[in-house]
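Working notes for the structure below.
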Amino acid sequence: MFIADVPDQFLAWCENKPKLTDLFPVMVGHEVCKKDKEPNCRRNIYYLLHYVKSGSGYLKDNSGTHLISGGFCFLIRPDESVTYFPNPDDPWEYIWVGFSGKLASR
């Protein structure tokens, strides 16, 4: 596992063991976003689940722009193009886990 601990953010990339094929973590992290944080534009090869601990932010996808507040989750699927960013009036804090495997789509 590789861990990066920088101000306001924590990241860990997980090493997959060969016997973990059904469902396994790829990365985990935590971030306290600043109000002027640049939008995150993501296109992953794995699933990425965010849980918003507090504050709020916006998620832009093919269906529009959605306000997401503390206590809610959002999922980014593989090869899905999305952009997300904090609400400047109430920046969010979130945790996330990236995961993959044969059962991930379920």
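Observations, loosely collected:
- Listed by first and then second residue, the pairs linking a residue in segment 32-45 that is touching a residue at least 40 places away in the same chain (Cβ under 8 Å) to a residue that is open to solvent by 70 Å² or more (accessible area, probe 1.4 Å), with Cβ atoms under 7 Å apart and 6 or more places separating them unless they lie on different chains, are K35/P88; D36/P88.
- Subset of segment 62-94 (residues that are assigned to a strand (DSSP E or B), surrounded by fewer than 15 Cβ atoms within 10 Å (Cβ to Cβ) and at negative phi): T65, H66, L67, S69, C73, L75, T83
- Among the residues examined, G57 qualifies as open to solvent by less than 50 Å² (accessible area, probe 1.4 Å), more than 29 Å from K102 (Cβ to Cβ) and assigned to a strand (DSSP E or B).
- Any hit, segment 1-19, residues being at pLDDT 65 or above and small (G, A, S): no
The values are calculated or read from the model by the stated rules, or taken from the named source; none is laboratory data. Values in this document were obtained by computation on a predicted structure and should not be read as measured data. Virtual Cβ from ideal backbone geometry, glycine too; neighbours counted across all protein chains shown. The accessibility values were calculated without ligands, DNA or RNA, using every heavy atom of the protein model including side chains. Shrake-Rupley method; radii C 1.70, N 1.55, O 1.52, S 1.80 Å.
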